[in-house]
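The values are calculated or read from the model by the stated rules, or taken from the named source; none is laboratory data. The structure displayed is predicted, hence computed values, not measured ones. Cβ placement follows ideal geometry from the backbone for every residue including glycine, while neighbour counts extend to all protein chains displayed.
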Amino acid sequence: MGDSARDARGEAFDRLLEIVDKLRAPDGCPWDRKQTVLTMAPHLIEESYELLEAVESGADSDVIEEAGDVMMVVAMICRIAEENGRFDLGDASRAIADKLVRRHPHVFGEEKITEAEEVVGRWEAIKKAERAGKDEDASALAGVPKALPALQRAQRTCEKAVAAGFAWEDARGALAKLKEEGEELEAELEGVASADDLQGEQRERAQAELGDVLLAGAQLGNYLGMDAESACRAAVRRFEERFRRMESSLGEGGVTGHPLARLIAAWEEAKAIC
């Protein structure tokens, strides 16, 4: 990347920091001045999901806007912390820069790695060594945020287990495990027609089996190189689009009052379109 492009990036980022500083100044924005690190945290989550949605939509203009929102929240959090003598954006930037160099010895050091799979294994090994040096959790599964969406956390946890060597030979093993868990769920639900039929320990067992099915599905995603969270979001979008199309085809009142056979036929019509 040329110096002009690098300078342009730096100038744009400097302008963002100047604006954030102004918002937090005594004569700045009352709302921004009222915020704390804790009150800004939910905005980081919200803006991150909006960025994710924009990335999946494929519209660069949306990605640019939402990425900027995420950068603004991060800059604001660091600015507020700086005012309280805790840390600043420079500390955060130096920390991530040092971490990236430390965890990429094949780029910034003498190690030679050419395959992406090797990089993942080496990355996890370095992270484990770092945690051990800090007297932190040294498990191969450590480091997966508990606040992640459940499906994403499931896949990330399984990914770490695979990197540690607890793995099927190929995707067929993971698929077989998914089928096995589905059969166990089916056996637990034998004779069950509704939620009212599930009580006490049987309900707990059924819920555990359902969880195992979802976990196995996320694990299969690892072997197929697919992001389970993205796949599920895409499935929800397809369902919503088809359902709305079905509602429209059924006319005023939507799905209410129609026999199941008519609803299924309308659903299949919508499914053939989208």
Could you go through region 166-174 and let me know if any residue there is small (G, A, S) and either in the same structural domain as A54 (by TED's automatic domain parsing) or assigned to a loop (DSSP other than H, G, I, E, B) (or both). yes
Return yes or no: is E181 crowded, with 16+ Cβ neighbours inside 10 Å, under 30 Å from A163 (Cβ atoms) and either in contact with a helix residue (DSSP H, G or I) (Cβ under 6 Å, 6 or more places away or on another chain) or modelled with pLDDT of 95 or more (or both)? yes
Based on this model, can you work out whether G121 counts as more than 20 Å from the chain's Cα centre (by Cα) and outside any helix (DSSP H, G or I)? no
Taking E209 as the residue in question, decide whether it is in contact (Cβ under 8 Å) with a residue 24 or more places away in the chain, acidic (D, E) and buried (at least 16 other Cβ atoms within 10 Å of the Cβ). yes
Leading residue by the ranking (farthest from Q152 (Cα to Cα)) among those in region 49-63 that are exposed (fewer than 14 other Cβ atoms within 10 Å of the Cβ) and among the small types (G, A, S): S61
Please count how many residues of region 139-165 are exposed (fewer than 15 other Cβ atoms within 10 Å of the Cβ) and in contact (Cβ under 8 Å) with a residue 40 or more places away in the chain. 2
Going through (1) part of a loop (DSSP other than H, G, I, E, B); (2) more than 28 Å from L148 (Cβ to Cβ); (3) modelled with pLDDT of 90 or more one by one, F87 fails only at (2)
Just the residues that are among the aliphatic types (A, V, I, L, M) and surrounded by 11 or more Cβ atoms within 10 Å (Cβ to Cβ), please, taken from region 97-127. L100, V101, V107, I113, V119, V120, A125, I126
Out of (1) at pLDDT below 95; (2) among the small types (G, A, S); (3) touching a helix residue (DSSP H, G or I) at 6+ places or on another chain (Cβ under 8 Å), the odd one out for A67 is which? (1)
